[in-house]
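Q: Encoded as structure tokens, here's the structure I'll be asking about.
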Amino acid sequence: MEYLTRLLAHNAGKKGFGFHPLCKHLRLTNLCFADDLIIFCKGNFNSVRYIHDAFKRFCDSSGLSANKTKSNVFFGGVKDEAKLKILDLMQMDEGTFPLKYLGVHLRPTKWKAADCGVILDKLHKNLNCWASRNLSFAGRAQLIHSVLLGIRNFWMGIFILPSKVTAAIDKCCRDFLWGSRGNRSKLHLPSWEKVSSEKVGWNWLS
């Protein structure tokens, strides 16, 4: 991968190559982790040709090649005529967003509520496992803080989540904490604001 990165950087310095608009300042051409690779460039034929030449040289030298059935080309603001030329050169299908990379769904715009199904699915998967257990109020509160809100905070550290999704997450946590039957909830002993507030623990040693 270091060799491929050097080849891409070398070709990126040639006349006619254009960086992706959001990568130009960093002069970034690629991101790679294990067997996942993303290559960025401006959406014109010359830039893609330089990328293709570097990758072909890498394949010829290393004996490695891309699995084109699992690879895609993603476009943004590219005319159809240019798309067809690029797809014919790369011999790959056009991909659609959101793009999944390292388990994270990426898209060129802010996340929409429809893209956040993966987060709610993770929450419901945990809740379905815990629903049959006879847990105390304190036990449910601990699971909410250590697991459910941990999942929410992980995704919020990557993306700005729509308020509709954060409200749905809070509702899942509240229903699990207090229990609910249809549209009716059990008695709320403490308020949700107190339950979800930050807590500080002390360990005194004598």
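Q: Exposed (fewer than 11 other Cβ atoms within 10 Å of the Cβ), farther than 24 Å from residue 31 by Cα and not polar (S, T, N, Q): is that true of residue 88 in this structure? Explain how you work it out, then say what you get.
A: Values: exposed (fewer than 11 other Cβ atoms within 10 Å of the Cβ): yes; farther than 24 Å from residue 31 by Cα: no; not polar (S, T, N, Q): yes.
No; evaluated as a whole, the condition is false for this residue.
Q: Go through 19, 33 for me and flag whichever is aromatic (Phe, Trp, Tyr), more than 18 Å from residue 101 (Cβ to Cβ) and under 27 Å from the mean Cα position of the chain (by Cα). Break it down into steps so the answer makes sense when it comes.
A: Values: 33 fails: more than 18 Å from residue 101 (Cβ to Cβ).
Matching residue, one of 19, 33: 19.
Q: Touching a helix residue (DSSP H, G or I) at 6+ places or on another chain (Cβ under 6 Å) and either outside any loop (DSSP other than H, G, I, E, B) or at negative phi (or both): is that true of residue 11 in this structure?
A: Values: touching a helix residue (DSSP H, G or I) at 6+ places or on another chain (Cβ under 6 Å): yes; either outside any loop (DSSP other than H, G, I, E, B) or at negative phi (or both): yes.
Spelling it out, residue 11 is indeed touching a helix residue (DSSP H, G or I) at 6+ places or on another chain (Cβ under 6 Å) and either outside any loop (DSSP other than H, G, I, E, B) or at negative phi (or both).
One line per residue, one yes/no per condition, for (1) in contact with a strand residue (DSSP E or B) (Cβ under 9 Å, 6 or more places away or on another chain); (2) loosely packed, with under 11 Cβ neighbours inside 10 Å; (3) aliphatic (A, V, I, L, M):
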{"position": "109", "(1), (2), (3)": "no, yes, no"}
{"position": "112", "(1), (2), (3)": "no, no, no"}
{"position": "117", "(1), (2), (3)": "no, no, no"}
{"position": "122", "(1), (2), (3)": "no, no, no"}
{"position": "126", "(1), (2), (3)": "no, no, no"}
{"position": "135", "(1), (2), (3)": "no, no, yes"}
{"position": "140", "(1), (2), (3)": "no, no, no"}
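Q: The conditions are (1) over 17 Å from residue 16 (Cβ atoms); (2) surrounded by fewer than 16 Cβ atoms within 10 Å (Cβ to Cβ); (3) modelled with pLDDT of 90 or more, and residue 58 fails exactly one of them. Which is it?
A: With (1) over 17 Å from residue 16 (Cβ atoms); (2) surrounded by fewer than 16 Cβ atoms within 10 Å (Cβ to Cβ); (3) modelled with pLDDT of 90 or more applied to residue 58, the lone miss is (2).
Q: Considering 122, 68, which residue is touching a residue at least 24 places away in the same chain (Cβ under 8 Å), charged (D, E, K, R) and not in a helix (DSSP H, G or I)? Please lay out each step first, then the result.
A: Details: 122 fails: not in a helix (DSSP H, G or I).
So the residue among 122, 68 that is touching a residue at least 24 places away in the same chain (Cβ under 8 Å), charged (D, E, K, R) and not in a helix (DSSP H, G or I) is 68.
Listed here are the residues, each with its yes/no results for (1) surrounded by fewer than 13 Cβ atoms within 10 Å (Cβ to Cβ); (2) without any contact (Cβ under 8 Å) to a residue 12 or more places away in the chain; (3) small (Gly, Ala, Ser).
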residue	(1), (2), (3)
13	yes, yes, yes
18	no, no, yes
30	no, no, no
36	yes, no, no
43	no, no, yes
49	no, no, no
74	no, no, no
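The values are calculated or read from the model by the stated rules, or taken from the named source; none is laboratory data. These figures come from a predicted structure and were not determined experimentally. Neighbour counts run over all protein chains shown; Cβ positions are idealised from the backbone, glycine included.
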